[in-house]
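What follows is a single structure, and I will ask about it in a moment.
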Amino acid sequence: MFAVAEICRDGMDTVLRLAAELIVASTKKQILISTAMLVGASGISLLLFLTRPPTAIEEPAEAMVSVDVAQVVKQDMRIEIQAQGTVSPLQETAIHSEVKGRVIEVSPNFNVGGFVSQDEILLRIDPRDYQTSLLRAQAAVESAESNLAQEKGRAQVAQREWEKLPKGTQRTPEARDLYLRKPQLEQAQAQLLAAQADLNTARDNLGRTIIKAPYAALIRKKHSDLGQFVTAGTPLADIFSVEYAEVRLPIPQSKLDYLDLPGLTGYASGSLIDLYTDVAGEVKHWTAQLHRTEGVFDERSRVLYTVARIADPYGLKEQGKEPLRIGTFVNANIAGRELTDIVTLPRYLLRAGNFLWIVDESMHLRNRKVTILRTGGDLIHVTAGLDDGDLVSLTGLDNSFVGSRVKIQSTTPSNQLDKHGKPTATSAEVLSAAAGTTASEAAVVAGGR
């Protein structure tokens, strides 16, 4: 047993010694190979460096940015203010009965939605009781006139008798007036006045049995009809005028400077307003005029309401005119006061901070801050920061293009651009710049800035 164990140990020692010798030999071989490769690579690198061709340093070519530009043209213009409102009647009246009786007659136009002219009879109330009262009042007046005439005659007789009395028998002024029947004469005159007043009241009551339209109107509601018994104060109908209509238009405080506000007497000649709305899929337009402002700011919305007036809204005087019905919600474009030296550009050109891209005389892009009016819509109105002849880039670019050299493709006057930056005039009015435009050529295109 011991002999076998000894043999195994000797075998293991031999194997380990051989493995160690192999590892040492492999490591030396790897070091030799690595050294040879490093020396070879260094030699090749040195050879390539010594045999390199000569090189010339060149400046990188500058890439030009192609843009379309707008040539600034200042102009005098009126800024349109947009507003919205609902059409309402200028006059609206609730008609009530002033007398009692039965309705015995109504007009054929006495219907909801019916048009009636001024002083047209809407309905009649049974007048017989009031005719009787009128006759009695007339009789009372005649009786009072007769009584007054008798008292005047008695007073004249008393005056002659008084003059015949001896002077010593004449007494106090009060006794004299009583003797001459002055109190009785004054009473007769008062009775005549009362009778005449009753006669006037009777005539008025008889006239009130006929209900007339106070103006050309449309009947909004009717509360009575033929055969109905009404009393004083009974509502008969609601009507509104069709001569004029009005629209209350809210104007923000920030846009009031663009309008000619009225004086104490209102607008001398109100600005024209274009009212429009969609009717059955088609946009209809009406012309109105600014009439007045309401004079106070709304406490909640901080707007000032200005009132536009529309003549003949239902087109009764003008055949073929589209009716503008009461209650219609309309949009309004209000022509503001004239402003000078304004530059109009598409809103998409304006960048954050009110900056625009400007092409300078050296044909490079520059940032320029401008001042604009606070208006909505697809256009901006520049009041400061641009001069006549300046070139504004119509091509959208980000901030990385600051200072880039540009090539102008086309030039269009700013007053001939639409909201999309496209020319609104004919193609002959658009100046096209040749490819590779130089700074001097750009100056010619820009009109000799």
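Kindly establish whether Leu206 is touching a Pro at 6+ places or on another chain (Cβ under 9 Å) and either closer than 30 Å to Glu105 by Cβ or assigned to a strand (DSSP E or B) (or both). So that I can check it myself, show each step before the final result.
Numbers: touching a Pro at 6+ places or on another chain (Cβ under 9 Å): yes; either closer than 30 Å to Glu105 by Cβ or assigned to a strand (DSSP E or B) (or both): yes.
Judged against the criteria, Leu206 is a match.
Please work out if Gly113 is over 30 Å from Asn415 (Cβ atoms), part of a loop (DSSP other than H, G, I, E, B) and assigned by TED's automatic domain parsing to the domain that holds Thr234. Steps first, please.
On the way: over 30 Å from Asn415 (Cβ atoms): yes; part of a loop (DSSP other than H, G, I, E, B): yes; assigned by TED's automatic domain parsing to the domain that holds Thr234: yes.
In short, yes.
Do the conditions hold for Asn367, that is, is it more than 28 Å from the chain's Cα centre (by Cα), among the polar types (S, T, N, Q) and not in a loop (DSSP other than H, G, I, E, B)?
On the way: more than 28 Å from the chain's Cα centre (by Cα): yes; among the polar types (S, T, N, Q): yes; not in a loop (DSSP other than H, G, I, E, B): yes.
Yes: the conditions hold for Asn367.
What strands (runs of 3 or more DSSP E) lie completely within the range 52-103 and have 2 or more residues being more than 30 Å from Ala202 (Cβ to Cβ), modelled with pLDDT of 85 or more and of a type in the set (A, V, I, L, M)? Full working, then the answer.
Values: elements: 65-71, 75-89, 92-96.
Per the criteria, 65-71, 75-89.
So Glu151 passes all but one of these: (1) in contact with a helix residue (DSSP H, G or I) (Cβ under 8 Å, 6 or more places away or on another chain); (2) in a helix (DSSP H, G or I); (3) within 30 Å of Ser224 (Cα to Cα). Which condition number does it fail?
(3)
Now for a separate question. Out of curiosity, is Arg136 in contact with a helix residue (DSSP H, G or I) (Cβ under 8 Å, 6 or more places away or on another chain), at pLDDT below 90 and of a type in the set (Lys, Arg)?
On the way: in contact with a helix residue (DSSP H, G or I) (Cβ under 8 Å, 6 or more places away or on another chain): yes; at pLDDT below 90: no; of a type in the set (Lys, Arg): yes.
It is false that Arg136 is in contact with a helix residue (DSSP H, G or I) (Cβ under 8 Å, 6 or more places away or on another chain), at pLDDT below 90 and of a type in the set (Lys, Arg).
The values are calculated or read from the model by the stated rules, or taken from the named source; none is laboratory data. Just so we're clear, the structure is a prediction, and the values are computed from it rather than from any experiment. Backbone-built Cβ (ideal geometry, glycine too); neighbour counts: all protein chains shown.
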